[in-house]
Amino acid sequence: MIVIHVDMDAFYASVEIRDDPSLKGKPVIIGSMPDERGVVATCSYEAREFGVRSGMNIKEAYRLCPEGVYMHPNFDKYKETSRKLHEIWDPYASASEPMALDETYLDVTHVGDFDKAAEIAHEIKRRTLDELGLTCSVGLSYCKAAAKTASEELKPNGYFEIRTKEEFVSMMAGRDVKELYSVGPKTAAKLNAMGITTVSQITDRRTDVERTFGKHGRFLVGLAEGIDERLVESYRPEDAKSVSREITFQSNIDDIVLLMDVILILSVSVYERSSKYGLYGNGVSLKVTYSDMESVVRTKNRVSYRGALDVAKEAWELLRKVDRRPVRLIGVGIINLDKKRARQTTLLDIDDESPEDEIDHYLEKMRNRYHFDFKKNMDWTLAIDRIHGVAEHMRIQRMKGKGKRP
Ligand code: TTP
Ligand code: MG
């Protein structure tokens, strides 16, 4: 197999810098604002010099880098950029397997040898920069894990090859286990506790590793010997089994009406996304994370929905069944998606009001409530921001009210 792994450098930050050259050379931090609750999604390499990292609490980032330029992410822009990236990359491959918006594996075995594949890899880097103004790091290798390792080797704007299993094994042998693909902090800590700190020790202690980690252990032992037989599998949105959307609030919400409105917006969003691909599900899921981080997921199967409002109604029903405590995150999903299962006409379909009218009616009510024009195909993050802003306003008003009382 010949595999290319492409990963954009500081993706969200690079897109913002490309679109506003005055940011060039500055520590740009994408995520929450320093005065909000949240984390760093990513940051420019200049910000990384201050120690800022993805996933870091935004307050911590601000402490390390108060002079940084802080920005909210523009997901629509990154999604659009991702689509254009794939237009460049995918035609070179027999299969393209995206792992994130900015990252994909390309199967280029068909070109025949590594020299030809290396030409493609360089062409991908050049065209990505020329056509989209963004740099990426590319790894070329004989399997997925080694290609991914290679792309990280000389980041940013890197290119690295690992042509053989032997090269991979000797390169990794003395390295810390956490550099091995699929070893996260938890696995690393467990391995360390067993006295295993380097990759070659995984091979030495294979029986222990396999016994402790089961399936993942066997995968790790294989990797330490340079073996990864996973294929590059093209992902197509129409193959998805579920579609969901969730939102984390800046401050916890306990107002049931607001939660129901947020559920409605999320339902519109997931309904539009699934129907765009001609997919129908027969279940709805609701995820709730409380202020103490406890999460619950409730699902209802065998539901028949005719539109977003029906999805929302199922999710509202599920909301009634979970604990009533301050909520930090809420998510709605349509599950058991199936392209073939075309929606059956039921008596419901010849109801008085069409699902379209019903949802319009509901959105109109919300427009009056929030002074915001909610409509189908809306920017759902903006819509939820608006609901959230109103909630925040109400909370402050309530606090003021309380303060006034004797
Ligand atoms: P990554 O490829 O992990 O990071 P990156 O492209 O920003 O930087 P680099 O690859 O050069 O190290 O993730 C791609 C995008 O995914 C990133 O730009 C933002 C988003 N992301 C998050 O929102 N939260 C996270 O914790 C991570 C790791 C990424
Ligand atoms: Mg990246």
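The values are calculated or read from the model by the stated rules, or taken from the named source; none is laboratory data. In this text the structure is predicted, and so the values were computed from the model without any measurement. Positions of Cβ are generated from backbone atoms using ideal geometry, with glycine treated the same way; all protein chains shown enter the neighbour counts. Accessible surface areas use protein heavy atoms only, side chains included; no ligands, DNA or RNA. Shrake-Rupley method; radii C 1.70, N 1.55, O 1.52, S 1.80 Å.
List of remarks:
- With contacts taken as Cα pairs under 8 Å and at least 6 residues apart, the chain reaches a relative contact order of 12 percent.
- Compactness of the range 85-132 - radius of gyration and Dmax, Cα, Å: 10.6, 29
- GNM flexibility winner over the chain from Met33, Met260, Met171 (Cα, springs under 10 Å): Met171
- Here each label is just a point 7 Å from Cα along the line to Cβ, and for Glu294 and Arg395 those points are 2.0 nm apart.
- Among His371, His388, His86, residue whose mean-square fluctuation peaks in a GNM of the chain (springs only between Cα atoms under 10 Å): His371
- Compared with the direct C-alpha span, the chain from Glu166 to Ser304 gains 44.2 nm at full extension, assuming 0.36 nm per residue.
- Taken as Cα centroids, the range 7-22 and the range 29-87 sit 10 Å apart, rounded to the nearest whole angstrom.
- Using bins of 10 Å that start at zero, the share of Cα-Cα pairs per bin across the chain amounts to 4, 17, 23, 27, 19, 8, 2, 0, 0, in whole %.
- The per residue volume of the convex hull around the alpha-carbon atoms of the range 35-139 is 118 Å³.
- The residues of the range 17-85 present an accessible area of 54 Å² per residue when probed at 1.4 Å with all protein chains retained.
- Relative contact order [Cα under 8 Å, 6+ residues apart], the range 84-225, whole percent: 13
- Between the range 104-163 and the range 359-383, the Cα center-to-center distance that results, in Å: 44
- With each label modelled as a point 7 angstrom along the Cα→C-beta vector, the Arg175-Ala193 pair spans 2.5 nm.
- Split the accessible area of the chain by element, probe 1.4 Å, and carbon with sulfur accounts for 51%.
- Note on Val39 and Ala100: the model spin-label points, each 7 Å out from Cα along the C-beta direction, lie 1.1 nm apart.
- Taken about its Cα centre, the chain carries a charge dipole of about 1700 debye when Lys and Arg each add +1 at the Cβ and Asp and Glu each add -1 at the Cβ.
- Relative packing of 39-46, 67-74, which averages over residues the other C-beta atoms within 10 Å, highest first: 39-46, 67-74
- The residues of the range 221-292 present an accessible area of 42 Å² per residue when probed at 1.4 Å with all protein chains retained.
- Where Tyr271, Tyr78, Tyr62 fall by accessible area, highest first, once all protein chains stay in place (1.4 Å): Tyr62, Tyr271, Tyr78
- When the chain is treated as a GNM with alpha-carbon contacts under 10 Å, the residue of Thr128, Thr248, Thr207 showing the greatest mean-square fluctuation is Thr207.
- Shape call, the range 140-217: gyration tensor on alpha carbons, a/c limit 1.5: prolate
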